[in-house]
Each structure stands twice: as C-alpha cells, then as structure tokens.
Amino acid sequence: MEFELYPAIDVREGHMVRLHQGDYGRETRYGERPLEMAMRHARLGARWLHLVDLDAARHGGYTLQPLLRVLARTTWLRVQTGGGVRSEEDVAEILQAGADRVVVGSLAVREPERVLEWVERFGPERITIALDARQDADGEWQLPVSGWTESSAARLETLVRRFANGGVRHLLCTDISRDGTLGGPNLDLYRLIASLAPELLVQASGGIRDVADILAARAAGCSGAVLGKALIEQRFALDDALERVRRC
C-alpha cells in the first residue's frame, strides 16, 4: 500500500487550532478557517485529510458533520475524522456525512471489545483506532483518554496486539510528549508497534518537522504520517512532501 500523508486540521470552537502536548490551556489559534485550509491542501495534491473535533474529544458529541458535507461536495479529499465518538450511531452518522474513516480513540481504550464489533460491522477500512501514548518514568506506555485529560489502566502493547488480532487494519499512534513540539517523531515507538503487529497500517503522529522526518517514519515501519503544526506553519511544502514520498 502506498505511503499516505494526512494533513491535519484540529477544530475548536469553529477555529483551526493546535494544542501543545494535548494541553487545552496551551492553544495556538490560526486565522485561516478550517474549510479554507482543507481547500488549500486539496489544491496542493493531498488525497487525505485528518480532521479532529477537539471540543468533542473532550466532552463528546461530534459536531463537524456540516464541514464534512461541504468537503464531500467541493473536493476529492478523503477524510479521516474523529472526536467524541461514543456509539455505533455516531460512527454511522459521521460516515453518512461524508467521512471515509472514523477515528475512535478514548472508547477504543476503555471498551476495545465494543469497538471491535464496530470494525466487524462497518469494515476495517472504515475505522481508524487512535492510541495516544505517554511514557511513564518506568518506560511503560500509558494511554490517556478524553482529549488526554484522564488516565486509563490500559497498556499500549496489550491493545496493539488485541486490535491486530481482532481485524483492525488502521492504527494511528501519537506520542503525546512530541505533539505540537516540532521535536521529531518517536521512531522507537513505531518500531515497537511494527514488531508487535506488522500487519497493522500505522500512522505516525506527533513531532514531525520536515520531509526527512516523514521518510524516517516510513523507514520505521509506518504506512502514513499525520502532518500538523509544521505544515500549518509552512515549515515545508505539502506538494514537495507528496512528490518526495512518491519517488521513494
């Protein structure tokens, strides 16, 4: 499968924002509207968009259906989106609004068996599992939930194996400590996941600064990369990144 780039748009209160390490109190708000940014990505050749409802991620209740419908009418972008997905009905509604894949995060950590039932119903190409990880002082990978504001007892290694065995195909994994920092992706994390479940298509997220980081994530076993702050702040050009990835 071709390596995919996923330009990310995080939406809070209708505005495009970025959080530093998932901290809602450390927000950077950008002047460009989410739809304008999505259209720019499409013009530069993006095939996918990673769209996050940050309000819903924290409080539940996905709200970006209107934006999905506009994107479906006006662009060829395929959209992977989530935030606050709590039920099978949420998944169905988001897909009906025009999404290609629904991202399930907190509930996948809290109730993995329930989410695996959704994968069976909707198909493995319609669900992306998102595991947001934070390494503790003992080197264990913790999986916070609810927009990274609450702890959980789940462990990364256990869930990666369970999802792979349960038929999941797409996994997005973020090292929270790298998110929004432009410090480079955690390649050791992605090598670990690749060793645990090489059949998963893993999307790298958090810390990517430039095209070299994208190619390094690919070499570490990832099948795609989510591009956030560096792309929004134009530290590299999306069309150039797409071309270089296609040439490799």
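The values are calculated or read from the model by the stated rules, or taken from the named source; none is laboratory data. Quick caveat, the model's predicted, so the values are computed rather than measured. Virtual Cβ from ideal backbone geometry, glycine too; neighbours counted across all protein chains shown. Just the protein is used for accessible areas: all its heavy atoms, side chains included, with ligands, DNA and RNA removed. Shrake-Rupley method; radii C 1.70, N 1.55, O 1.52, S 1.80 Å.
Annotations
- Within the range 70-82, no residue that is under 15 Å from ARG47 (Cβ atoms) sits with its Cβ atom under 7 Å from a residue that is among the acidic types (Asp, Glu) and open to solvent by 60 Å² or more (accessible area, probe 1.4 Å) at 6+ positions apart or across chains.
- Note on the range 30-40: residues that are open to solvent by 40 Å² or more (accessible area, probe 1.4 Å) and part of a helix (DSSP H, G or I) amount to 4.
- For the range 205-224, the tally of residues that are open to solvent by less than 70 Å² (accessible area, probe 1.4 Å) and in a loop (DSSP other than H, G, I, E, B) stands at 8.
- Leading residue by the ranking (nearest to ARG58 (Cα to Cα)) among those in the range 2-29 that are open to solvent by 40 Å² or more (accessible area, probe 1.4 Å) and assigned to a loop (DSSP other than H, G, I, E, B): GLU13
- Filtering the range 95-138 to residues that are over 13 Å from ALA154 (Cα atoms) and of a type in the set (Ser, Thr, Tyr) leaves only THR128.
- Yes/no for ASN186 being open to solvent by 40 Å² or more (accessible area, probe 1.4 Å) and at pLDDT 95 or above: no
- Top-ranked residue in the range 129-156 [being at pLDDT below 85, among the hydrophobic types (A, V, I, L, M, F, W, C) and open to solvent by less than 30 Å² (accessible area, probe 1.4 Å); ranked as nearest to ALA204 (Cα to Cα)]: VAL145
- Scanning the range 41-55 for residues that are out of contact with any Leu (no Cβ under 8 Å at 6 or more places or on another chain) and either modelled with pLDDT under 85 or surrounded by fewer than 19 Cβ atoms within 10 Å (Cβ to Cβ) (or both) gives a single hit, ARG43.
- Members of the range 189-204 that are outside any loop (DSSP other than H, G, I, E, B) and open to solvent by 10 Å² or more (accessible area, probe 1.4 Å): ARG191, LEU192, ALA194, SER195, LEU196, LEU201
- Complete set of residues in the range 225-237 that are of a type in the set (A, V, I, L, M, F, W, C), touching a Leu at 6+ places or on another chain (Cβ under 8 Å) and either farther than 10 Å from ASP210 by Cα or assigned to a strand (DSSP E or B) (or both): ALA225, VAL226, LEU227
- Every listed requirement among (1) among the small types (Gly, Ala, Ser); (2) open to solvent by 20 Å² or more (accessible area, probe 1.4 Å); (3) touching a Ser or Thr at 6+ places or on another chain (Cβ under 8 Å) is met by ALA72 save one, (3).
- Scanning the range 200-212 for residues that are farther than 19 Å from ASP132 by Cβ and either out of contact with any Lys or Arg (no Cβ under 8 Å at 6 or more places or on another chain) or not charged (D, E, K, R) (or both) yields VAL211, ALA212.
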